[in-house]
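Undergrad: So that we are looking at the same thing, I have put the structure below in structure tokens.
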Amino acid sequence: MFSFFKKKSVAPPPASPAPEAGLPAAAVAAPSVQTPASPSPEPLPPASAPVVASAPAETPARTSWLAKLTNGLRKTGASITTVFTGTRIDDALYEDLESALLMADTGVKATEHLLEDLKRRVKDSKTTDPAAVKGLLVQSLTDLLLPLQKPLLIGQFKPTVIMVAGVNGAGKTTSIGKLTRHLASDGASVLLAAADTFRAAAREQLGVWADRNTVDIISQDGGDPAAVSFDAVSAGKARGRDVVLVDTAGRLPTQLHLMEELKKIKRVIQKTGPLADQAGESGASSIPPHEVLLVIDGNTGQNALNQVKAFDDTLGLTGLIVTKLDGTAKGGVLAAIARERPIPVYFIGVGEKLEDLETFNAQEFAQALLS
Ligand SMILES: Nc1nc2c(ncn2[C@@H]2O[C@H](COP(=O)(O)OP(=O)(O)OP(=O)(O)O)[C@@H](O)[C@H]2O)c(=O)[nH]1
């Protein structure tokens, strides 16, 4: 088992009174993938020492995830890896590599960066074997992607309020459902805000994913999404929930009135007021939402990068979830994001099942892509 969320490090616990139960500033690191929710999840231990991001442990679950990831990225990686099947390292190899990276939607800036970095590594290593160049490209890609590798922290504020946005069909509701299940099986109490007030099916979908024992849903038929979000965060506070997840309706960045609506949702959530730092770090408090996540469909390549830029300009994103990396030929877009708008990728998805959403690890991704 490995973590899905990072438990935020907390200040040394006060010697005496037992803190409130729940998720003391434990950074949510990562719920275990795939373990079917245990019948009665144990509450998270009081956070004491911060948990720092680390390489995921080698476990059967992670191994099976890596196999899925490798399989999912095969289409993206195939044309890149064939570049290294020749016998010489020459201009033709670099030209072919440039075309293959661009075809994989790596984008001009990241492609230029990778080629330059790779040539330097080849020179330094003095290798003459094209196959060895592939290994150097894995290193180069890993370094480029590393700034995107960051755990989602939960538990520092109670509730930790996470707002989720994206274009229609990107996988928001599915991803929220998966996160909810992972959080619930990790012992966190979750409250969902169905702020997609347009689509009844989205609310039903959330309900299906939710674990009824630990998850409440605040929804409203055709109401104001900002009002639903406000009610949900207020209810989350009153009920002492660990996490409030706000699902918003899909929209295109070009639909300016709908982008304004997103800003309003964020503004109204902010009006619920500051939440005390559970870790007690210098008495800090924080105004929610603590995280503003964008879900992007990895299969849309450069389009996804444009969405990241547009939603970030509008909302100030704190993290990304990249879905549908299974079977895409455009997985290079993560490199483009790393180069042009390096917002942390908390999770990536390679399918519709619970275990198909996992934490992002730069080295794993680079290896899977170029295997
Ligand atoms: N293949 C694949 N399908 C996925 C993945 N994530 C989500 N989906 C599917 O994508 C479709 C759309 O997902 P939703 O979660 O409904 O998307 P949404 O962003 O909430 O959609 P709207 O509410 O219309 O904006 C569903 O059929 C999901 O099962 C993934 O990682 N891989």
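The values are calculated or read from the model by the stated rules, or taken from the named source; none is laboratory data. Keep in mind that this is a model prediction, so the values were computed, not measured. Here the Cβ positions follow ideal geometry from the backbone for every residue, glycine too, while neighbour counts run over all protein chains shown.
Undergrad: Does any residue of region 226-235 turn out to be hydroxyl-bearing (Ser, Thr, Tyr) and assigned to a loop (DSSP other than H, G, I, E, B)?
TA: Within region 226-235, none of the residues are hydroxyl-bearing (Ser, Thr, Tyr) and assigned to a loop (DSSP other than H, G, I, E, B).
Undergrad: Still on this structure, please answer the following. List the number of the failed condition for Ala284; all other conditions in (1) at pLDDT 95 or above; (2) out of contact with any Ser or Thr (no Cβ under 7 Å at 6 or more places or on another chain) hold.
TA: Going through the list (1) at pLDDT 95 or above; (2) out of contact with any Ser or Thr (no Cβ under 7 Å at 6 or more places or on another chain), Ala284 breaks only (1).
Conditions (1) within 16 Å of the ligand (Cβ to nearest atom); (2) crowded, with 23+ Cβ neighbours inside 10 Å; (3) basic (Lys, Arg), marked per residue:
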site	(1), (2), (3)
Ala132	no, no, no
Val138	no, no, no
Leu146	no, no, no
Lys150	no, no, yes
Thr160	no, yes, no
Asn168	yes, no, no
Ser175	yes, yes, no
Thr180	yes, yes, no
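Undergrad: Determine, yes or no, whether Glu112 is among the acidic types (Asp, Glu) and modelled with pLDDT under 90.
TA: no
Undergrad: Going by what's in this entry, would Asp247 be described as within 30 Å of Ala329 (Cβ to Cβ) and of a type in the set (D, E, K, R)?
TA: Yes: the conditions hold for Asp247.
Undergrad: Tell me the residue from Thr160, Thr173, Thr197, Thr180 that is over 19 Å from Ile265 (Cα atoms) and among the polar types (S, T, N, Q), please.
TA: The unique qualifying residue is Thr180.
Undergrad: Ok, one more. Note down all Cβ pairs under 8 Å where the first residue falls in region 345-368 and is within 20 Å of Leu118 (Cβ to Cβ), the second is within 11 Å of the ligand (Cβ to nearest atom) and β-branched (Val, Ile, Thr), and they're at least six residues apart or on different chains.
TA: Phe365/Ile348
Undergrad: Looking at region 240-250, which of the residues that are of a type outside the set (A, V, I, L, M) and more than 16 Å from the ligand (Cβ to nearest atom) is surrounded by the most Cβ atoms within 10 Å (Cβ to Cβ)?
TA: Asp242
Undergrad: Right, something else. So for region 50-65 (the condition being modelled with pLDDT of 50 or more, surrounded by 15 or more Cβ atoms within 10 Å (Cβ to Cβ) and of a type in the set (A, V, I, L, M)), does at least one residue qualify?
TA: yes
Undergrad: Which condition breaks for Arg88 when tested against (1) more than 18 Å from Thr142 (Cα to Cα); (2) part of a helix (DSSP H, G or I); (3) modelled with pLDDT under 95?
TA: (2)
Undergrad: Hey, among the residues in region 339-365 that are aliphatic (A, V, I, L, M) and buried (at least 24 other Cβ atoms within 10 Å of the Cβ), which one's farthest from the chain's Cα centre (by Cα)?
TA: Looking at residues that are aliphatic (A, V, I, L, M) and buried (at least 24 other Cβ atoms within 10 Å of the Cβ), I get Val350.
Undergrad: Return the only residue of Ile265, Ile296 being in a helix (DSSP H, G or I) and among the β-branched types (Val, Ile, Thr).
TA: Only one candidate qualifies: Ile265.
Undergrad: If Ser286 satisfies all but one of (1) more than 16 Å from the ligand (Cβ to nearest atom); (2) in contact with a helix residue (DSSP H, G or I) (Cβ under 8 Å, 6 or more places away or on another chain), what's the number of the condition it fails?
TA: Condition (2) is where Ser286 drops out.
Undergrad: Restricting the search to region 303-335, which residues are in a loop (DSSP other than H, G, I, E, B) and away from the ligand (no atom under 16 Å from the Cβ)?
TA: Scanning region 303-335 gives Gly316, Thr318, Gly332.
Undergrad: Okay, moving on. Of the residues Ser219, Ser229, Ser189, which is within 15 Å of Thr160 (Cβ to Cβ), in contact with a helix residue (DSSP H, G or I) (Cβ under 7 Å, 6 or more places away or on another chain) and among the small types (Gly, Ala, Ser)?
TA: One residue alone meets the criteria, Ser229.
Undergrad: Which number in (1) within 16 Å of the ligand (Cβ to nearest atom); (2) surrounded by fewer than 23 Cβ atoms within 10 Å (Cβ to Cβ); (3) in contact (Cβ under 8 Å) with a residue 24 or more places away in the chain marks the one condition that Ala227 misses?
TA: Evaluating Ala227 over (1) within 16 Å of the ligand (Cβ to nearest atom); (2) surrounded by fewer than 23 Cβ atoms within 10 Å (Cβ to Cβ); (3) in contact (Cβ under 8 Å) with a residue 24 or more places away in the chain leaves (1) as the failure.
Undergrad: Under 6 Å between Cβ atoms, at least 6 apart or on separate chains: pull out the pairs that start in region 70-86 with a residue that is at positive phi and end on any residue that is among the aliphatic types (A, V, I, L, M) and not in a helix (DSSP H, G or I).
TA: The qualifying pairs do not exist here.
Undergrad: Check region 147-162 and report whether any residue there is more than 30 Å from Asp277 (Cα to Cα), assigned to a helix (DSSP H, G or I) and touching a residue at least 24 places away in the same chain (Cβ under 8 Å).
TA: No.
Undergrad: Given the criterion away from the ligand (no atom under 16 Å from the Cβ) and closer than 21 Å to Leu179 by Cβ, identify the matching residue among Lys263, Lys237, Lys271.
TA: Checking each option against the conditions leaves just Lys237.
Undergrad: In this structure, is Gly177 among the small types (Gly, Ala, Ser) and at positive phi?
TA: The answer is no for Gly177.
Undergrad: Also: Determine, yes or no, whether Ala338 is away from the ligand (no atom under 12 Å from the Cβ) and either more than 25 Å from Ala67 (Cα to Cα) or hydroxyl-bearing (Ser, Thr, Tyr) (or both).
TA: For Ala338, the condition - away from the ligand (no atom under 12 Å from the Cβ) and either more than 25 Å from Ala67 (Cα to Cα) or hydroxyl-bearing (Ser, Thr, Tyr) (or both) - is not met.
Undergrad: So which residues in region 287-314 are of a type in the set (A, V, I, L, M), surrounded by fewer than 21 Cβ atoms within 10 Å (Cβ to Cβ) and modelled with pLDDT of 95 or more?
TA: Result: Ala310, single match.
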